[in-house]
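This report concerns only the one structure given below.
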Amino acid sequence: MSLLARKEEVEARVAAACKRSGRSGNEVKMIAVTKYVSLETTKSVLDVGLLHIGENRWQDVKPKWEALHERGTWHFIGHLQTNKVKDVIGKFAYIHSLDRISLAKELDKQAAAMGIVVNCLLQVNVSGEESKYGIAPEHFFHFATEVSGLKHIHITGLMTMAPYEMEADATRPVFRGLRELRDRLNERRIFPYEITELSMGMSGDFEVAIEEGATWVRLGTVLVGKEL
Ligand SMILES: *Cc1c(COP(=O)(O)O)cnc(C)c1O
């Protein structure tokens, strides 16, 4: 199947999930995750009009970013080690994986030195299973409060991953849990602005995530394919 055909098929599934849950289609944006494909294919992804690109490792994305960064909006979706902040800061419009205070402080420090504000999402380990990354829900509000004091970080939204082996139907409470955390964060006014985005849903579970309020779905296999 061609990239364009896959894009149209996935867009139709996104639209159907929006309709089922009474949401308007333009509330949901697709991030094309290109980590399994070459530079050439990443170029084709941009050519078909998928302009949000997700990648999870700097050493892999580097050649793609260097060749193509002016053509799209780049999202860093993978675990970020503190000593790798210098590689990604200023290059990615959004960092989806802020999950440690040490990382927040390093991002804030380097953003301050560059005179920028870095957009981040707070990654939460809602399911409490498997994934070793993400803030535990019981520490979430404390963590958010600490981050709210860092002037060079702007929190755009929250991000989570459902356990890989989970059936799509079983992921619903995970995604609902993230939405509820976002709503409570806004109710408590921990940040002086509204937090809107929910980055949740991957190839196997994006329709459930949309039904539960996802605003960004991160799609690799189903949208971009897998070749590496
Ligand atoms: C790889 C990856 C994705 C995309 O995975 P698919 O299941 O292929 O859609 C989404 N989010 C994160 C954080 C990833 O690492």
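The values are calculated or read from the model by the stated rules, or taken from the named source; none is laboratory data. Because the structure is a prediction, the values reported are computed rather than measured. Neighbour counts are summed over all protein chains in view; Cβ atoms, including those assigned to glycine, are modelled from backbone coordinates with ideal geometry. To get the accessible areas, we keep the full protein, side chains included, count just its heavy atoms, and leave off ligands, DNA and RNA. Shrake-Rupley method; radii C 1.70, N 1.55, O 1.52, S 1.80 Å.
Using a 1.4 angstrom probe on the protein heavy atoms only, line up 99, 60 by accessible area, largest first.
Solvent-accessible surface, decreasing: 60, 99.
Please report the antiparallel percentage of DSSP beta bridges with both residues in segment 88-228, rounded to the nearest 5.
Looking only at bridges with both residues in segment 88-228, the antiparallel portion is about 0 percent.
Please calculate the 1.4 Å probe accessible area of residue 79, with all protein chains present, and give it to the nearest 10 Å².
Accessible area, nearest 10 Å²: 70 Å².
In segment 109-127, whose amide N lies under 11 Å from the spot 7 Å out along Cα-to-Cβ of residue 166? List them in ranges.
So the set is 125-127.
Taking a cut-off of 16 Å between Cα atoms, list the lysines near residue 7, but don't count ones fewer than 8 places away on the same chain.
Cα-Cα hits under 16 Å: 29, 43, 226.
For segment 130-169, what is the accessible area per residue in Å², given a 1.4 Å probe and the full set of protein chains?
54
I need to check one value: relative contact order of segment 83-168, counting alpha carbon pairs closer than 8 Å and at least 6 residues apart, in percent.
The value is 33 percent.
Between residue 180 and residue 105, what is the label-to-label distance in nm when each label sits 7 Å out along the Cα-to-Cβ direction?
3.2
Leaving ligands, DNA and RNA out of it, work out the accessible area of residue 116 with a 1.4 Å probe and give it in Å² to the nearest 10.
Ignoring ligands and nucleic acids, residue 116 comes out at about 50 Å².
Ignoring ligands, DNA and RNA, please state the percent of accessible area on segment 149-228 from carbon and sulfur, probe 1.4 Å.
49
Using only alpha carbons, build the gyration tensor for segment 33-159 and give me the equivalent ellipsoid semi-axes, biggest first, whole Å.
After scaling each eigenvalue by five and taking roots: 26, 17, 12 Å.
Whole Å is fine, so just give me how far the alpha carbon centre of segment 105-178 lies from that of segment 194-222.
14
Given the -39500 (n - 2.57) contribution per DSSP H run of 4+ residues, what per-residue ellipticity at 222 nm results for the chain, rounded to the nearest 500 deg cm²/dmol?
-11500 deg cm²/dmol
How big is the accessible area of residue 117 in square angstrom, nearest 10, if you roll a 1.4 angstrom probe over the protein chains?
Counting only protein heavy atoms, residue 117 exposes about 80 Å² to solvent.
Any idea what the relative contact order of segment 108-219 is, in percent, if you count C-alpha pairs under 8 Å spaced at least 6 apart?
24 percent.
Give, in whole angstrom and from largest to smallest, the semi-axes √(5λ) of the equivalent ellipsoid of segment 17-62, with λ running over the eigenvalues of the Cα gyration tensor.
Each semi-axis is √(5λ); the values are 27, 12, 7 Å.
With an 8 Å cut-off on Cα pairs and a minimum separation of 6 or more residues, tell me the relative contact order of segment 21-161 in percent.
Relative CO of segment 21-161 lands at 18 percent.
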